[in-house]
1. Any idea which of 185, 207 is closer than 30 Å to residue 52 by Cβ, modelled with pLDDT under 75, not assigned by TED's automatic domain parsing to the domain that holds residue 55 and not polar (S, T, N, Q)?
2. Give segment 65-83 a look and list any residue that's in a helix (DSSP H, G or I), among the charged types (D, E, K, R) and crowded, with 17+ Cβ neighbours inside 10 Å, or say none.
3. Restricting to segment 51-64, name every residue that is crowded, with 23+ Cβ neighbours inside 10 Å and either more than 28 Å from the chain's Cα centre (by Cα) or assigned to a helix (DSSP H, G or I) (or both).
4. Scan segment 152-166 residue by residue and report those that are within 18 Å of residue 97 (Cα to Cα) and not in a helix (DSSP H, G or I).
Amino acid sequence: MRAPLAVPAVLALAAAAWAAPPLPPRPTRYATDRSNTIDPARLSALNERLAAFERETSNQVIVYVDRKVPPGTTLEEMSSGAMRAWGIGGKSKDNGVALFVFVDDRKMRIEVGYGLEGALPDAAAHRITDGVIKPHFKKGDYAAGVEAGANAILAAVTKEGHKGTGVTTAEKARGVKPAAATAAPSAPTPLGWLCPFVALVPLFLWPFLRNLMRALAWGSLAGGLFSFVMGLVLSDGLWFFGAMALLPLSLVCWIIVWIQRSMRGRTWGAGAAASTSTWSDSGSSWSSGSSDSSWSSSDSGSSSSDFSGGGGDSGGGGSSDSW
């Protein structure tokens, strides 16, 4: 009884093995050259460009250069199988593109995921292989051809309008966090025109405090805090700007007031120790001792980009060519 049940399972495994085309090893970089025909520095620069493109757009574009198409398969079968097995492109987006080049076979193919067929249809892929890459390959300049082809692919799929997360799939798996985006300043509100008048608060306090520096210190502090609260309530960038201008001014004024008080304290101490003050007709002179106050501050304190498939599982089309 067991033999009849085992036969279908064996047949299914055999069919699956037959259906899967032989594939090259899964690449760990966006730009891979197993033929040793491209200068390592140029290959590394291309790799970084493709990694940066995924960070910006979420589209995965890889370049794979080798000597020969794996035996037992065709260029088209291998390219489509690699898209699925390597997971090129995002899961459910299928926004991946692969440029395969086999220098000894003199064959190449651009394989396009379903999610990018609108931006890079078969005809556009053929124009890139035939009109952009092939002229360089005919001259034996594989580096220039690969670079030109990659640039043309990037320019085409950018039109799809996908937005990246700031990290690649491999970086996300390692726990790398995207750099914080700089928030755009809030637009001024109708009450923003009142902000400049906050700077006049020290003038209103001057008659009551009878000291310009103390009026500036208290007035700038009050005006800065008021501006900060108004900026939060109104989401108004102009009020935030006023707070950033007035609060540091208040700090400076308070330092000056503190220095003045310290100097007066030392003057009074000197007067208590001396019984008389002398003036001479030839000229008056005075001297004061000062101690320098010192401030000290201490500051507390890319790697190469790896490729990891994002879960894409299909190739939607592309173009094969030879030279």
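1. Residue meeting the stated conditions: 185.
2. 77
3. Across segment 51-64, the qualifying residues are 51, 54.
4. Across segment 152-166, the qualifying residues are 161, 162, 163, 164.
Rundown of residues vs (1) within 17 Å of the chain's Cα centre (by Cα); (2) farther than 21 Å from residue 308 by Cβ; (3) of a type in the set (Asp, Glu); (4) crowded, with 16+ Cβ neighbours inside 10 Å, yes/no style:
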residue	(1), (2), (3), (4)
142	no, yes, no, yes
147	no, yes, yes, yes
151	no, yes, no, no
155	no, yes, no, no
162	yes, no, no, yes
169	yes, no, no, yes
174	yes, no, no, no
179	yes, no, no, no
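The values are calculated or read from the model by the stated rules, or taken from the named source; none is laboratory data. Only a predicted model underlies this, so the values are computations on that prediction, with no experimental measurement involved. Every residue, glycine among them, receives a Cβ derived from its backbone with ideal geometry; neighbour counts consider all protein chains shown.
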